[in-house]
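Note sheet for the following structure.
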Amino acid sequence: MTGYIFLDQIRFFAYHGVGRQETTVGNEFTVSLRLKVDLTAAVKTDDVADTVSYADVYEAVKKEMEIPSKLLEHVSGRIVKRLFQDFPPIESIELKLSKRNPPMGAEIEAAGVEINIQRSEL
């Protein structure tokens, strides 16, 4: 039974960006994830050892968000590599990384990147 584990709009404060202000003052970011996994064993056993713990996924994402990068593409790439490395059951990842109120002189809620990747593509 294939399904998805998701974490929706995890909020972080981080120092990603090209501009000096972004790397000095920081900004708010959100990360949303949709992880394709086989849920068959967890459905039967009711044991967290038979699934991918979203608490552990959060900790892995948090560690990557703490490392400043210029580009959100770079941060996103690190996150997906880390998740595939740390969680072998993950078959694919849909990731959305948004910078809230980016400093670009526009009325905008957020800007960011989305990545959809299969384990076989890495």
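The values are calculated or read from the model by the stated rules, or taken from the named source; none is laboratory data. Model, not experiment: these values are computed from the prediction. Cβ: placed from backbone, ideal geometry, glycine included. Neighbour counts: every protein chain shown. The accessibility values were calculated without ligands, DNA or RNA, using every heavy atom of the protein model including side chains. Shrake-Rupley method; radii C 1.70, N 1.55, O 1.52, S 1.80 Å.
Numbers at a glance
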{"item": "Residue match in segment 29-39 (condition: open to solvent by 20 Å² or more (accessible area, probe 1.4 Å), at pLDDT 95 or above and in a helix (DSSP H, G or I))", "result": "no"}
{"item": "Test: residue in segment 24-42 that is among the charged types (D, E, K, R), in contact with a Pro (Cβ under 9 Å, 6 or more places away or on another chain) and under 18 Å from residue 112 (Cβ atoms)", "result": "no"}
{"item": "When residues of segment 40-60 are limited to those that are farther than 19 Å from residue 11 by Cβ and open to solvent by less than 40 Å² (accessible area, probe 1.4 Å), the one farthest from the chain's Cα centre (by Cα)", "result": "42"}
{"item": "Residue within segment 62-80 that is surrounded by fewer than 16 Cβ atoms within 10 Å (Cβ to Cβ), closer than 15 Å to residue 7 by Cα, within 15 Å of the chain's Cα centre (by Cα) and at pLDDT 95 or above present", "result": "yes"}
{"item": "Positions within segment 75-105 being of a type in the set (A, V, I, L, M, F, W, C) and free of Cβ contacts under 8 Å to residues at least 12 places away in the same chain, in sequence order", "result": "104"}
{"item": "Residue 84 vs. criteria assigned to a helix (DSSP H, G or I), open to solvent by less than 80 Å² (accessible area, probe 1.4 Å) and either under 19 Å from residue 113 (Cα atoms) or of a type in the set (D, E, K, R) (or both)", "result": "yes"}
{"item": "Options 67, 79, 10: the member that is out of contact with any Pro (no Cβ under 7 Å at 6 or more places or on another chain), assigned to a strand (DSSP E or B) and among the β-branched types (Val, Ile, Thr)", "result": "10"}
{"item": "Selection within segment 1-23 - closer than 20 Å to residue 113 by Cα, open to solvent by 50 Å² or more (accessible area, probe 1.4 Å) and not acidic (Asp, Glu)", "result": "6, 9, 11, 13, 15, 18, 23"}
{"item": "Residue satisfying all of: in segment 94-109; open to solvent by less than 40 Å² (accessible area, probe 1.4 Å) and farther than 19 Å from residue 57 by Cβ; modelled with the highest pLDDT among these", "result": "99"}
{"item": "Filtered residue count, segment 64-122, keeping only those that are farther than 15 Å from residue 17 by Cα, of a type in the set (Ser, Thr, Tyr) and out of contact with any strand residue (DSSP E or B) (no Cβ under 6 Å at 6 or more places or on another chain)", "result": "1"}
